[in-house]
Amino acid sequence: MSTSLKNLLQKYYQHLALFKAFTTALGLMSWDTETYMPKQAAGDRGQTQSLLAGHIHHLSTDAEFVNLVNSLMDRGDKLSPIDQRSIYLTKRSLDQSIKLPKKFVEEMTEALVASHQAWLQAKEQNQFEIFTPHLEKVIKFRQQYAHYIDPSQDPYDVHLDTYEEGLTTKQLAPLFSELRAGLVKLLPQILDKQSKAKQQHVDILNQYPLPRYKLEPFLRELCSQIGFQFSRGQMAHVEHPFEINISANDVRINTHFDDYHSSFTITGVIHELGHGLYEQNIGTEYLHTEMAGGASLGIHESQSRLLENIIGRSPEFWQFCWPKLQALFPELSKHTASEVVAGLSFVQPSLIRTEADEVTYNLHIILRMELEMAMMRGELAVSDLPEAWNTKMQQLLGIKPTDHRTGVLQDVHWSWGNIGYFPTYTLGNMNAAQLWQSFVKATPNWRAEIAAGNFESYFHWFKQNVWQHGAFYQPQQLLKKVTGESTNPQHLLKYLESKYL
Ligand SMILES: [Zn+2]
C-alpha cells in the first residue's frame, strides 16, 4: 500500500474515532436519561443532547471528510476487505446526510416532535382524529425523504434499506405473504387443539409476586451462565426494556422489573440478553470500524427472539431453570416446569402486539406492514386507517378492537416516523427459526445440553457463525453463508407447527 493511501486511511480512522467518541457520549447520556437521571435534569439533558447531535451531523458531513471518503472509495481495490467494507458503510450513511437539504431535515424533525405529542394525546383521549393531520404529514415527509435519497426507488424500499441493508419490497412481500398464508392456516388448528385439550391460559410466573431483590441476582447469574460477561456489561431497571452498546466492553441490557408480572421481567431479560451477547462477541478486528455492531435489525432481533422464544420458552430450558427458581421462591414448589412452559406458550389472538404470543405476533406485524406500505404508496388515506386496521384485525386474528387505544393508536412507531421498521421484528423471527435449524443440525445433543443448563454449544456456534462477524456481511449474505439460503419463512412455520401441533 502506498504511503499516501496509508495516510488517507489513517485520517479516515482518526475521524471515525472522533465521531465514535461523540456518539458514545450521546449513547451514554440517552442510557442515563432512561435510568438514573433526576427528573428535573430533562431540560438541560435535552439541550446537551441536541447540541451534540448537531455536532455529530456537522462532523459527518464535513466537506474534507466527504472528499477523503470519496477518494478512498475510488481506490477500493487497493484496500483490505475490512477497510473496503467500513468505507462503504461510511459512504452509505454520508450519502443519506448529504442528500437531505438542511431545511427539510429541520422541518421534518419539528413535524415528528409534534406528531409524537399528538399521538400521546390522541391515545390518551382515544381520538384518532387528533393524530390524523400529523400522520398525514409524517407520511408526506417520509415520501419526500425517500425521493431525496433515491428518486428511482420505491419509497418504501428506501426506508426498508435503512434498517435492513439491501432488502427490497420485491423480496420482502412474497416472504410475508407466504408466512401470512401459513399462519392463517396454522392458527385455527392450534386453537382447536388447545380447546380440545381444555387448556387455559395460566401464567404461573405472574401468579406470585417475585420481588426484585431476589429475582435480579437470580437473573444476573442466569445471564452469566448463558455467556454474558458482567465485567464488560451492565443490567439496569427501565420503563421499556432495551439493550445499548456503549462500546464492545460496555454492553447494557436494561429491563423492566415488575414484582407482579415476572413472566414479562424474565422473558424481557432473556430477550435483551440475546442482543447483548451479540454485541459482546463482535470480532475485535472490527471494533475501530463501522462494522462494530450487528448486521441489521432483522439479524439482531433474530438473536434476541431465538433466545427469548425458541430457547427461553422451551421445556428443556425450564427443566434446568425451574428447580433453581423454586429453590429461591418455595411458594412455587407446587407447580411443575411444564405448567410454566404451557403458560409461556399459550396461543391466543389478542389486540395488543407487545403482549402477543409467538404465533399471533407475526400477524400483528403483517397487518402493520401492509397498512404502512399502502399509506406510503398513496393507496390508503390516513383518515381511512382505523377502519382498515379493524378490518385486517378481523381477517387475520378474528377479533376487532373496541377502541383506538387498543387498536390503531397502540404503537408509538409511526408517530416517530418509523416506516419500514415493523417488518424487521418478523424478519427476526423468521431468521431466528432458520438459524436455529442450522444450529440444531450441528448440535444433535442440544436438548440434553440445555436441559442441563449447559449453553456452551449454543454460545460457541452463534459466536462463530453470527456474532463475531459484526456488520461485515450484508444481512442476507450472512444468512446465506450460515444457512445456505436467504430468509425462508418455511423454517418459522415448521418450527411453530412442530411446537404447537
Ligand atoms: Zn429486541
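Any read-out appearing in this document is the output of simple, stated calculations on the displayed coordinates, not a laboratory observation. The structure displayed is predicted, hence computed values, not measured ones. Please note: Cβ atoms are built from the backbone with ideal geometry, for glycine as well, and neighbour counts cover all protein chains shown.
Numerical summary
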item: Residue check for Glu290: within 11 Å of the ligand (Cβ to nearest atom) and either outside any helix (DSSP H, G or I) or in contact with a strand residue (DSSP E or B) (Cβ under 6 Å, 6 or more places away or on another chain) (or both); result: no
item: The one condition in (1) over 25 Å from Val158 (Cβ atoms); (2) assigned to a helix (DSSP H, G or I); (3) aromatic (Phe, Trp, Tyr) that Trp414 fails to fulfil; result: (1)
item: Residue match in region 69-87 (condition: more than 23 Å from Ser30 (Cα to Cα), in contact (Cβ under 8 Å) with a residue 40 or more places away in the chain, touching a Lys or Arg at 6+ places or on another chain (Cβ under 6 Å) and assigned to a helix (DSSP H, G or I)); result: yes
item: Residue in region 400-412 that is within 30 Å of Tyr145 (Cβ to Cβ) and among the acidic types (Asp, Glu) present; result: yes
item: Number of the condition not met by Gln395 [criteria: (1) surrounded by fewer than 20 Cβ atoms within 10 Å (Cβ to Cβ); (2) polar (S, T, N, Q); (3) in contact (Cβ under 8 Å) with a residue 24 or more places away in the chain]; result: (3)
item: Residue selected from region 289-344 under the condition within 29 Å of the chain's Cα centre (by Cα) and basic (Lys, Arg), by the criterion surrounded by the most Cβ atoms within 10 Å (Cβ to Cβ); result: Arg305
item: Criterion (under 24 Å from the mean Cα position of the chain (by Cα) and part of a helix (DSSP H, G or I)) met by exactly one of Leu409, Leu396; result: Leu396
item: Every residue from region 414-441 that is within 16 Å of the ligand (Cβ to nearest atom) and free of Cβ contacts under 8 Å to residues at least 12 places away in the same chain; result: Asn418
item: Restricting region 351-367 to residues that are without any contact (Cβ under 8 Å) to a residue 60 or more places away in the chain and touching a helix residue (DSSP H, G or I) at 6+ places or on another chain (Cβ under 8 Å), the residue that is farthest from Glu301 (Cα to Cα); result: Leu351
